[in-house]
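The structure under discussion appears below in the form of structure tokens.
Just so it is clear, none of the values below were taken in a lab; they were calculated from the coordinates. None of these values were measured; they are calculated from a predicted model. Ideal geometry is used to build each Cβ from the backbone, glycine not excepted, and the neighbour counts take in all protein chains shown.
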Amino acid sequence: MINLNKSIILTAVIALAVGVISTLLFQQYVLPPKTETVLLQLSNNFNGKCPVMVDKITRFDNTSIGDNELRFNYTILTAVKDSVDSIELHSHLEPIVRNNPQVGTLKQNHIAVLCRYRDKKGTLLTEIKVTP
């Protein structure tokens with residue numbers, strides 16, 4: 001009787017272990033990666049190339065991630081907050097951001113994009129957010 005109980009317990013423990021390992025392997029290799037993991041990889045890929053000049057006055061500094069959001073941080077090297085019309089700057093940059101094909105791909109995958117533009121002192125000039 002005792003050997004039977006030990007046998008049942010051992011079988012149950014082995015079955016549980018196999019089940020847990022199978023579930024972990026299934027999640028790791030069969031299911032698509034979580035959005036957060038994909039965003040982190042994407043952000044790391046961008047950051048590995050930063051900083052980079054976009055044009056003569058705009059520098060792409062880095063990216064960061066949030067809840068289903070990829071944030072792009074830029075510096076306008078010739079700008080100072082007090083001498084920039086933030087509304088005009090926003091109006092100029094918004095269609096450029098919204099019409100970017102990469103932003104469209106992120107939107108299709110239910111990822112928001114936030115572009116932050118700062119002046120040469122690091123002061124925020126404007127933010128443009130594109131949501132899915």
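Some points to look at:
- Counting beta carbons within 10 Å around each of H110, H90 and listing the fewest first gives the order H110, H90.
- Phi angles of the stretch 85-90 translate, via the Karplus equation with coefficients 6.51, -1.76, 1.60 and θ = phi - 60°, into HN-Hα couplings of 7, 4, 5, 5, 4, 4 Hz per residue; Gly and Pro are given as x.
- Looking at the stretch 36-111, none of the chymotrypsin sites (Phe, Trp or Tyr not before Pro) sits in a DSSP loop with at most 16 other Cβ atoms within 10 Å of its own Cβ.
- Computed over neighbours whose Cβ is under 11 Å from that of T35, the net charge equals -2, Lys and Arg +1, Asp and Glu -1.
- The residues packed around P51, meaning those with a beta-carbon under 12 Å from its beta-carbon, carry a net charge of +1 if Lys and Arg are +1 and Asp and Glu are -1.
- Fully extending the segment from N99 to E69 would add 9.1 nm, taking 0.36 nm per residue of separation and subtracting the current Cα-Cα distance.
- Compared with the direct C-alpha span, the chain from K121 to K49 gains 23.7 nm at full extension, assuming 0.36 nm per residue.
- Rounded, prolate or oblate (a/c below 1.5 giving rounded, otherwise prolate when a/b exceeds b/c) for the stretch 35-130 by Cα gyration tensor: prolate
- Cα centroid separation, the stretch 76-132 to the stretch 34-59: 15 Å.
- With K and R counted +1 and D and E -1, the other residues having a Cβ less than 15 Å from that of K121 yield a net charge of +2.
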